[in-house]
Amino acid sequence: MKEVAIYIVLIIIVLIAAQHLNVVVSGSMEPVMYRGDIVVIEKANLLGIHEFDPHDVQVGDIVVYDAVWYDSPVIHRVINTAEINGTLCYEIRGDNNNKSDPYWVTPEQITDRVVTFGDTPLIIPKIGYITLWFKGL
């Protein structure tokens, strides 16, 4: 019975840890992170647990958000904030892109924020290529 409890605890830990990892799928954030890198993230809402408030995102933060212009979550950096028609909005751009993303982003679209130490994102290099290969990306 003790072994079963240990396995259950280990599975729960792995599942929680997996929710805090995100694979970089493009080169839009180079040279900070590269395609195939895994970034460690904190969640805006993980089963009711709020690890950060998307309304408190700052210029310079790297966030993951649900883009209206792309069919998968996007990992880019906040470069500006503004209030538009009474709503807080973020201007976001990939570090390797010449232009900002096509639409301003509201806090409700932000799902995750990349964990950093100082100004350095917490990255596990290249391990994500396995996931990209399985997904055919």
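The values are calculated or read from the model by the stated rules, or taken from the named source; none is laboratory data. Computed from a prediction, not measured in an experiment: that's the story for all the values here. Cβ coordinates were reconstructed from backbone atoms using ideal geometry, including for glycine residues, and neighbour counts include every protein chain displayed. These area figures cover heavy atoms from the full protein model, side chains too; ligands, DNA and RNA do not enter into them. Shrake-Rupley method; radii C 1.70, N 1.55, O 1.52, S 1.80 Å.
Details
- Among the candidates N80, N96, the residue that is without any contact (Cβ under 8 Å) to a residue 24 or more places away in the chain and touching an Asp or Glu at 6+ places or on another chain (Cβ under 6 Å) is uniquely N80.
- Inclusion of R113 among residues that are touching a residue at least 60 places away in the same chain (Cβ under 8 Å) and either part of a strand (DSSP E or B) or not hydrophobic (A, V, I, L, M, F, W, C) (or both) is warranted.
- As a summary of the residue check, K126 satisfies the conditions (1) closer than 20 Å to H55 by Cα; (2) among the charged types (D, E, K, R); (3) touching a residue at least 24 places away in the same chain (Cβ under 8 Å) except for the one numbered (1).
- Residue selected from the stretch 42-57 under the condition free of Cβ contacts under 8 Å to residues at least 60 places away in the same chain and either closer than 14 Å to L122 by Cα or out of contact with any strand residue (DSSP E or B) (no Cβ under 7 Å at 6 or more places or on another chain) (or both), by the criterion surrounded by the fewest Cβ atoms within 10 Å (Cβ to Cβ): G48
- Members of the stretch 27-38 that are β-branched (V, I, T) and either surrounded by fewer than 11 Cβ atoms within 10 Å (Cβ to Cβ) or at pLDDT 95 or above (or both): V32
- Only listed residue being under 17 Å from T116 (Cβ atoms), in contact (Cβ under 8 Å) with a residue 60 or more places away in the chain, touching a strand residue (DSSP E or B) at 6+ places or on another chain (Cβ under 6 Å) and in a strand (DSSP E or B), chosen from V39, V63: V39
- A single entry from I124, I84 fulfils the requirement of being over 21 Å from L21 (Cβ atoms), of a type in the set (V, I, T) and surrounded by fewer than 16 Cβ atoms within 10 Å (Cβ to Cβ): I84.
- Residues of the stretch 10-26 satisfying the condition of being in a helix (DSSP H, G or I) and open to solvent by 80 Å² or more (accessible area, probe 1.4 Å): L10, I11, I12, I13, V14, L15, I16
- Residue check for P73: under 21 Å from S28 (Cβ atoms) and in contact (Cβ under 8 Å) with a residue 60 or more places away in the chain: no
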